[in-house]
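Trainee: Pasting a structure below so you can have a look.
The values are calculated or read from the model by the stated rules, or taken from the named source; none is laboratory data. Treat the numbers as computed from the prediction; the structure is a model and nothing was measured. Don't worry about glycine lacking a Cβ; one is built from the backbone with ideal geometry, like all the others, and counts go over all protein chains shown. Accessible surface areas use protein heavy atoms only, side chains included; no ligands, DNA or RNA. Shrake-Rupley method; radii C 1.70, N 1.55, O 1.52, S 1.80 Å.
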Amino acid sequence: MKNFLKRSLSLLLTVLMIYSLVPAMAVTAEAATITGLSDTTIGLNGTTSRWTVGSNSLTGSVTGSKFLSYYLDASETLTIKNNKGATALLSFDFSVSGNFAVGSSVTVNGTEYTAAGSHSINNLELANGGTVTIKLSADRCNASNGANTVNISITNISLVLDTRVTATFVAPDYGSYTVSYGDITETISAGTAAKEIVNQSNVQYTLTAIPGNGYKFVGWYNVTDGKYINFDTVYKVGFDTEIELKPI
């Protein structure tokens, strides 16, 4: 019995000695195709457990961790890919946040951010199959600041061909909404005629729903395709094909 205990203790000490020689390592996970965006020509590849996807938005987060006495870094890379079949223009707004200890950062298309803030990518030209990379890096946690976490929230993501497009903004059944682009704002109210606007596809429209009294906004409805494409009261979007749109 004593010999067994001695051998067990010796084995445990050997394992602990080996671990003491192992440097801090990055936490990795297998990347995969991520789905959920309404525009399926925007390819996403990353670790699915670290991203939450909406119709034209997504959020991601990584946290440094501790394993026994070893502090581990964590990182995540998201790839956004142009699957349009032709050169297209990528736009999105994003905000970064978190505990930016030394070594923690968010990198978007080669630009590193080490403090919280809001930013935009506007009409970035991507060849067919071209990609943009987003990397989240969280330094290991430690006793002084706890777990280090970095986050990114991406909204209004769009990928459009560079062409001229007619967008038809249909009157709502109730209430009204505004359509803003450049220095122009149009108001479209229930009972009025639809408004056709022709612009280059790189023009971004900001649509703001104003529900009628006693009514609640549900979402932006693509009349052409017969489906909802967004559920935010304020919706920023560009179009590269003709579309009829209305709030419901």
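Trainee: For the range 71-170, taking Cα atoms only, what is the radius of gyration to one decimal and the Dmax to the nearest whole Å?
Mentor: Reported Rg and Dmax, both Å: 16.8, 58.
Trainee: Something else: Per-residue accessible area for F217 at 1.4 Å probe radius, Å² rounded to 10?
Mentor: Rounded to the nearest 10, the figure is 30 Å².
Trainee: Would you check the accessible area of T77, probe 1.4 Å, heavy atoms only, in square angstrom rounded to 10?
Mentor: 60
Trainee: Using all alpha carbons of the range 181-248, what is the percent of pairwise distances in each 10 Å bin, ordered from the shortest bin to the longest?
Mentor: Spelled out bin by bin, the range 181-248 gives 18, 55, 26, 2 percent.
Trainee: Please state the relative contact order of the range 107-248 as a whole percent: Cα pairs under 8 Å, 6+ residues apart?
Mentor: On the way: 246 pairs, mean separation 32.8, N = 142.
Relative contact order comes out at 23 percent.
Trainee: Follow-up question, since we're still on this one. Given a 1.4 Å probe and every protein chain left where it sits, what share in percent of the accessible area of the range 120-242 is carbon and sulfur? Don't skip to the end; give the middle numbers.
Mentor: Working: 2810 of 6120 Å².
Accessible surface attributable to carbon and sulfur in the range 120-242 totals 46 percent.
Trainee: Hey, another quick one. From a point 7 Å beyond the Cα of N199 in the direction of its Cβ, which residues of the range 171-191 have a backbone N at a distance under 15 Å?
Mentor: Flagged as within label range: 178-188.
Trainee: Using a Förster distance of 22 Å, how high is the FRET efficiency between F231 and T33, based on the Cβ-Cβ distance and rounded to 0.05?
Mentor: According to the calculation, E is roughly 0.40.
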